[in-house]
Amino acid sequence: MPRGLGGRVASVDESKIPYYHGILLPDHPEFANDVEKKMLDIKNFDSRESDILLCSSMKSGSHWSLEIISMLISGSCDVTKETVLSSNLEYTRLDSFEDRPNPRIIHSHLPLKFLPAKHLEKAYKTVLVMRNPKDRLASYYFSILGKMPGLENLKWSDYFNRNKQEGVPRVYGDWFDYTLEWSKELKKNPTNIFPIFYEDLKKNFAVNVKRLGEFLGVERDASFYSEIEQKCSFEYMKKNKADDLVAIDPKGRSTLYRKGEIGDWKNLFTVAQNEQFDELLQRKMSDSMIHFQFE
């Protein structure tokens, strides 16, 4: 059984999944030769004061947020050619960032402790994107379904039960650990970290994007915010924004833009599963300053 993916899917070759200090990493060429060196290079990445570090756990809205930030800093509502993969520290050759103009958007799914030390120590701008964990889990399930041999028939119940288990290495680590680390960091450094929630963007896009713009030091007029809301709508992006994840799907399918709804978890979670997850959430997140909306 693959570590952290869930289900009875023994045909997945675990030996090909990079492992580093308790977490699994993407099976990507950037990690093919020397995982230790790649991770050390990320930690020692030469951040600039103008850099915007975009952080998120997987399936939390990073593609959407990257588009919004790109439009805000460029002053153009044209759909950008920049993608999460081309901006991601894990998937990209780090020397490719050297010639990029300021301000650079640098993205990562890595836990806080593995991120560029200089950026955090100097308190450069960081945008933290979060999504309620039930919708995130449901979205992640559909995103991996059929992505690798052995996952074609992955059952939701198997996947859910696997994700309940504690102490199981997962891709990018445990979501609870990830979120608790950021909760502590937000208490220590509330000024240079901007937390933004997927649900807030869905419910009140313009207000929250304007707040994000103010954090980034960007001022735009009302017509700009109206246009950016239209260009960053789920429907518009699904139709007009290229999905670079198609390249890693065995059948060339897009799983990036599926529904994008708040509360879609209700279509998968049973009553018992919801109760179990609520108990887990209460037990592990009781000390967190981060709270989520589930519908």
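No lab work stands behind these numbers, since they all come straight from the coordinates. These numbers were taken from a predicted model, which means no experiment stands behind them. Ideal geometry is used to build each Cβ from the backbone, glycine not excepted, and the neighbour counts take in all protein chains shown.
Evaluating 6.51 cos²θ - 1.76 cosθ + 1.60 at θ = phi - 60° for every residue in region 22-27, the Karplus couplings come out as x, 10, 8, 10, x, 7 Hz, glycine and proline recorded as x. Comparing ASN102, ASN163, ASN33 in a Gaussian network model of the chain, where Cα atoms under 10 Å apart are tied by springs, the biggest mean-square fluctuation is seen for ASN33.
For region 275-292, putting each phi into the Karplus relation 6.51 cos²θ - 1.76 cosθ + 1.60 with θ = phi - 60° gives couplings of 5, 5, 5, 4, 5, 5, 5, 5, 5, 8, 10, 4, 9, 7, 8, 9, 10, 10 Hz, in residue order, rounded to whole numbers and with x for Gly and Pro. When the GluC sites (Glu not before Pro) in region 165-214 are filtered for DSSP coil states and for at most 16 other beta-carbon atoms within 10 Å of their beta-carbon, the remaining sites are GLU166.
For the chain, the relative contact order is 25 percent, taking Cα pairs closer than 8 Å that sit 6 or more residues apart in sequence and dividing their mean separation by the residue count. Rounded to 0.05, the FRET efficiency of the LYS122 and GLN293 pair, given R0 = 25 Å and the Cβ-Cβ distance, is 0.15. Shape summary of region 33-190, radius of gyration then Dmax from alpha carbon positions: 16.6, 47 Å.
Annotation: amide H-H contacts under 5 Å for VAL127 (H modelled 1.01 Å from N, sequence separation of 5 or more, or interchain): LEU53, LEU54, CYS55, PHE194.
Taking LEU115, LEU137, LEU40 as the candidate residues, the one with maximal mean-square fluctuation in a Gaussian network model of the chain, Cα springs under 10 Å, is LEU40.
Add -39500 (n - 2.57) for each DSSP H run of 4 or more in the chain, then divide by its residues: what number comes out at 222 nm, to the nearest 500 deg cm²/dmol? Let's see the in-between values first.
Working: 12 runs with 116 residues, N = 295.
Calculated mean residue ellipticity at 222 nm is -11500 deg cm²/dmol.
Only Cα pairs under 8 Å and 6+ residues apart enter the sum, and on that basis the relative contact order of region 50-193 stands at 33 percent.
Once backbone amide H atoms are built at 1.01 Å from N, VAL171 has LEU24 as its partners under 5 Å, excluding neighbours fewer than 5 places away on the same chain. Stretching the chain fully between LYS113 and HIS28 yields a gain of 28.5 nm (0.36 nm per residue, less the alpha carbon separation). Scaled to the globular estimate 2.2 N^0.38 Å, the Cα spread of the chain, given as radius of gyration, is 0.98. The DSSP beta bridges internal to the chain are antiparallel in roughly 10% of cases.
3J(HN,Hα) couplings calculated from phi for region 95-105 with the Karplus curve 6.51 cos²θ - 1.76 cosθ + 1.60 (θ = phi - 60°) are, in sequence order, 5, 6, 7, 4, 8, 7, x, 7, x, 8, 9 Hz; Gly and Pro show x.
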